[in-house]
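Shown next, in structure tokens, is the structure this report addresses.
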Amino acid sequence: MATQTFCAELTGSFSTSAAQNPTVAIMEAAFADADLDYRYINCEVPPADLAGAVHGAVAMGWRGFNCSIPHKVAVIEHLDALAQSAEIIGAVNTVVIDRSSGAPRLTGENTDGQGFVASLRPVRDPSGQHVVILGAGGAARAIAVETALAGALSITIVNRTPERGEAVADLIDTRTPAAGRYLPWTPHLHVPHGTGILINATSIGFHPAEDQTPDVDMSTVDPGAVVADVVVNPPETGFLRAAAAQGCTTLDGLGMLVNQALINARLWTGRDLSGAVMRRELESIFGL
Ligand code: NDP
């Protein structure tokens, strides 16, 4: 009889609420496709139990875990080190538990923005580009830092709440080589001339409010620009439809999600899993 083990390597996610997060489905499909004896467990963890969950993952020999809302900042005090972009962004979405030198060492990474840049590269190299980002929350901050580190010339943050927008613009200006600017979100926003990449990093358009779109005058967007949306449900948002009608190249939020999961899987397993398998799984979940 072939040697068989009954103890899979464990990974997973801590968040609340966890029920609508499809990451478990794409990770498990890709693990199975690669014949890897790994599991991904989606856990409902309230803020008061975060410390217990982290200690539990270490005690149970987990390889690592994702942190989603509301733990991305709170988890930092439980870690031993931060990777460069997690340190600049000030938030962690992925933790790697390394036991190669004996005692477990927990490193926080932020792969949200890296996933976005990986999905962007096949259609547009961010290097030398002027980028406009709608939003200044966690996703916007991660995308802004990572596109700046990937060589963008300028990052303009447009946000409803000026203080949050100014803070992200400031972060880009002081901590990355790109120029960071804040632009107030005036009605029917005119996108600055020369913008090569425009990103909706707000939650506007997310199910069940898919009839809402960011208030942007799409006729001011250069047809040569790439227009991206972080919203995953539905993947084809009204914002992307309007951009396509303007002649722009569009990028949906599924690409960011898949690429982020591929990076996380590589950090935990050392293997490159199949993005096509993950994307197919998501398309079947969303009935595409
Ligand atoms: P946050 O709550 O941190 O930020 C939300 C942002 O959206 C803020 O800038 C907020 O503006 C803005 N916003 C929300 N509603 C409105 C509105 N009606 N009008 C104008 N601005 C608005 O959320 P996250 O950054 O964590 O997430 C944002 C989106 O990104 C979500 O839809 C999330 O699902 C998606 N996401 C997708 C990922 C992917 O892999 N595709 C990964 C991570 C997130 P203000 O500051 O004024 O409140």
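The values are calculated or read from the model by the stated rules, or taken from the named source; none is laboratory data. Predicted, not measured: the structure shown is a model, and the values here were computed from it. Virtual Cβ from ideal backbone geometry, glycine too; neighbours counted across all protein chains shown. These accessible areas exclude ligands, DNA and RNA; they are computed on the full protein's heavy atoms, side chains included. Shrake-Rupley method; radii C 1.70, N 1.55, O 1.52, S 1.80 Å.
Contour minus end-to-end for residue 55 and residue 283, with contour as 0.36 nm per residue of separation and end-to-end as the Cα-Cα distance?
Result: 78.6 nm gained on full extension.
Ignoring everything except DSSP H segments at least 4 long, calculate the 222 nm mean residue ellipticity for the chain; use -39,500 (n - 2.57) per segment, divide by total residues, nearest 500.
Roughly -10500 deg cm²/dmol at 222 nm, from the helical runs in the chain.
Please compute the length gained on full extension between residue 217 and residue 246, using 0.36 nm multiplied by the number of residues separating them and subtracting their Cα-Cα distance.
Taking residue 217 through residue 246 to full extension adds about 9.4 nm, to one decimal.
Select from 38, 16, 26 the residue farthest towards the positive end of the dipole of the chain; place +1 on Cβ of Lys and Arg, -1 on Cβ of Asp and Glu, and compute about the Cα centre.
38
Could you look at segment 113-252 and say what percent of its accessible area is carbon and sulfur, using a 1.4 Å probe and all protein chains?
51 percent
With each label point set 7 Å from Cα along the Cα-Cβ vector, what nm distance links residue 99 and residue 121?
3.2 nm
Answer rounded, prolate or oblate for segment 134-282, using the Cα gyration tensor with square roots of eigenvalues a ≥ b ≥ c: rounded when a/c is under 1.5, else prolate when a/b is larger than b/c, else oblate.
Verdict is oblate for segment 134-282.
Once you put a point 7 Å from the Cα of residue 16 and another 7 Å from the Cα of residue 209, both along the Cβ direction, what distance in nm separates them?
Spacing of the two 7 Å Cα→Cβ label points: 2.3 nm.
Counting C-alpha atoms alone, how compact is the chain: give Rg to one decimal and Dmax as a whole number, in angstrom.
My reading of the Cα-based Rg and Dmax gives 19.3, 70 Å.
Could you pull out the trypsin sites (Lys or Arg not before Pro) across segment 160-253 that fall in loop regions by DSSP (anything but H, G, I, E, B) with no more than 16 other Cβ atoms inside 10 Å?
Loop-located and lightly packed - 160.
Rolling a 1.4 Å sphere over the protein heavy atoms, what is the accessible area per residue of segment 171-245, to the nearest Å²?
Per residue, segment 171-245 has 48 Å² of solvent-accessible surface.
Taking the Cα centre of the chain as the origin, how large is its charge dipole in debye, to the nearest 20, when only Lys and Arg (+1) and Asp and Glu (-1) carry charge on their Cβ atoms?
Approximately 320 debye in magnitude.
Take the alpha carbon gyration tensor of segment 59-164, find the square roots of its eigenvalues, order them as a ≥ b ≥ c, and report rounded if a/c is under 1.5; if not, report prolate when a/b exceeds b/c, else oblate.
Prolate shape, in that a/c is at least 1.5 and a/b is the bigger ratio.
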